[in-house]
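To start, the structure under review is shown below, and the notes come after it.
The values are calculated or read from the model by the stated rules, or taken from the named source; none is laboratory data. Predicted model only: the values in this text are computed from it and were never measured. Ideal geometry is used to build each Cβ from the backbone, glycine not excepted, and the neighbour counts take in all protein chains shown. For accessibility, only protein heavy atoms count, side chains too; no ligands or nucleic acids. Shrake-Rupley method; radii C 1.70, N 1.55, O 1.52, S 1.80 Å.
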Amino acid sequence: MNGSCDVASFNDVTNDFLHGVVHEAREDIQVAVRAAADTFALWQKLTPLGRNEFICWIDDAKQPQTRARRIERACEELREGKKRPCCWVGCIHRPDKAPSRWQQAVLIDREKRRDR
């Protein structure tokens, strides 16, 4: 393989895939990460919190095209040595950590405004 994350080219998703502390990676993430052995090895070496951040960031996408771009970007960032997604405010779903003031203003308050 050439190191890319081709979601359509890999269908063998098994139970040895490691997830985050709150979020579980859906099949499309698992397929993309497994498509290249080096990317999968990097994923498995991440901390549970690191995996959780990537999964939450990908799951936060509203459109399928955005989700697909984020999956590809996550694979690229893993190969670049990143442990967390670049420019992500962080998962607000963790019960062990209150959202920061910035997360509150950017993510949570935005949701309230949208619901009005």
Kindly report the accessible area of the range 55-102 per residue (heavy atoms of protein chains, probe 1.4 Å, no ligands, DNA or RNA), in Å².
64
Could you tell me the extents of the range 20-66's C-alpha atoms along the three principal axes, largest first, rounded to whole Å?
28, 22, 13
Of all GluC sites (Glu not before Pro) in the range 36-94, the ones in DSSP coil with at most 13 other Cβ atoms within 10 Å are Glu80
